[in-house]
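All remarks here apply to the structure that follows.
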Amino acid sequence: EHGYTVAAVNFRLASPVGQELTVSPKNQASDIAYALAWLHTNADNYHLNTQDTVLVGYSSGAHLVALLGADETYVEAAGLPEQSIAATISLDVHAYDVPYALSLMVDSDVAQNIPLITHLFGDTQEEQLSASPISFTETWVAPAMLVSVGPDPDQAGTHGYIVNQTAQRYAE
């Protein structure tokens, strides 16, 4: 009625810690890119305006939409141009720069999540940066809104602080 359509797409769950990593964040980003391509292919059937696609995600989904908005290879592999994404909105995530986030997580309130992050993104800085949106900011990046939530964004070691610091670093 107001000219907006929402399509809630899903992606495969990542492999759990302790199991071989067969589904990584890169695979998940690809899943979303192919879902977006399907929506564009079927736009006429659903009366979709493909010129104003905004991707929104929370937590791991926030990382994935930021990655799609920064690294055009995912949407291009799915058959779409990078401009298929008009903007991204990322809600409450710290994986814009995984090595930096991990450094902030040491001895923090969320230190117990470090094994999960290294499982998903790898042990080396090179592996971690290959799925970090910050690695792709030298070229085209979709306009992005970064929302950091959580209490204590100014208190080092808290979830709110880590999310806020990584979002600020990515925005800069």
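The values are calculated or read from the model by the stated rules, or taken from the named source; none is laboratory data. From a predicted model like this one, the values you see are computed outputs, not experimental measurements. FYI the Cβ positions are ideal-geometry reconstructions off the backbone, even for glycines, and counts take in every protein chain you see. Each accessible area value is taken on the protein alone, full model and side chains, heavy atoms only, with ligands, DNA and RNA left out. Shrake-Rupley method; radii C 1.70, N 1.55, O 1.52, S 1.80 Å.
Note the angle between two axes, namely the Cα long axis of helix 25-41 and the longest principal axis of the Cα atoms of the chain, as a number of degrees from 0 to 90, rounded to the nearest 10. The two axes meet at around 20 degrees.
The residues of the chain expose on average 55 square angstrom of accessible surface per residue, using a 1.4 Å probe on protein heavy atoms.
What the Cβ-Cβ distance of Thr118 and His47 gives, at R0 = 35 Å and to the nearest 0.05, is a FRET efficiency of 0.20. Most tightly packed first, judged by the mean number of other beta-carbon atoms within 10 Å of their residues, the peptides 151-164, 94-107 read 94-107, 151-164. Per residue, the chain reaches -11500 deg cm²/dmol at 222 nm when only DSSP H runs of four or more residues are counted, each adding -39500 (n - 2.57). Dividing the mean sequence gap of close Cα pairs (under 8 Å, 6+ apart) by how many residues the chain holds gives a relative contact order of 22 percent. Split the accessible area of the chain by element, probe 1.4 Å, and carbon with sulfur accounts for 52%. Computed from point charges on the beta carbon alone (+1 for Lys and Arg, -1 for Asp and Glu), the dipole magnitude for the chain about its Cα centre is near 260 Debye.
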